[in-house]
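Structure, as structure tokens:
The values are calculated or read from the model by the stated rules, or taken from the named source; none is laboratory data. Since the model is a prediction, treat every value here as computed from it, not as a measurement. FYI the Cβ positions are ideal-geometry reconstructions off the backbone, even for glycines, and counts take in every protein chain you see.
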Amino acid sequence: MSLYKKVINAVCSAFEIVAGLSLAAMLVVVVIQVVMRYFFSNTPGWTEEIARQLMILFCFIGIAVGVRDKIHIALTIITDRGFKKIRLPLEIIGKVLICAMGIMMSINMGPYFTKLKYNILPGSGIPVGYQYVFPTAVGVLVALIAVYQIYDHFKYGTDEAQQQQGDFTKKDATL
């Protein structure tokens, strides 16, 4: 599983670079839009569309990073009320649901590329279908991350137990 973990880490690192670049590019595009609107009273039509596409990239990569780092929203009211014995099964069920969500995201986003690849955004000229390629890839990545986290639960126990082990660092607990 260590090769699997290294490959997922490499893909996540590449996605994080893309997220940083998309955030920087979105900042530049929005600054251009604001300057053109307020100083020249002429906003290019492509700026809004490009900013939206870059925001889509950034948000979907954020989903994958949130799953990888286990910083997504979790309902822990049941286990916090004293039901610590069922924490591991609940965490495994949660990861299975996250894996299913990633698979469903890929299955449902993928066909939009082929259906909408001939529709063109009017301001930028980008085919509409391209905005569904990245969410499809992120869905696959989320599913792969969840599979590894399920493996970690069977090998090391709950997230809390993983953090309490002396030789098991947070870097090892997350992809």
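Considering the stretch 92-120 alone, what residues qualify as being modelled with pLDDT of 85 or more, buried (at least 16 other Cβ atoms within 10 Å of the Cβ) and more than 22 Å from Ile145 (Cα to Cα)?
Matches in the stretch 92-120: Tyr112 only.
Any chance the stretch 69-91 includes a residue that's at pLDDT 90 or above and surrounded by fewer than 19 Cβ atoms within 10 Å (Cβ to Cβ)?
Here is the first cut: in the stretch 69-91, the residues at pLDDT 90 or above are none.
Scanning the stretch 69-91, I find no residue that is at pLDDT 90 or above and surrounded by fewer than 19 Cβ atoms within 10 Å (Cβ to Cβ), so the answer is no.
In contact (Cβ under 8 Å) with a residue 12 or more places away in the chain and over 23 Å from Glu160 (Cα atoms): which single residue out of Ile61, Ile92 fits that description? Talk me through it step by step, then tell me what you get.
Working: Ile92 fails: over 23 Å from Glu160 (Cα atoms).
That would be Ile61, the only listed residue that is in contact (Cβ under 8 Å) with a residue 12 or more places away in the chain and over 23 Å from Glu160 (Cα atoms).
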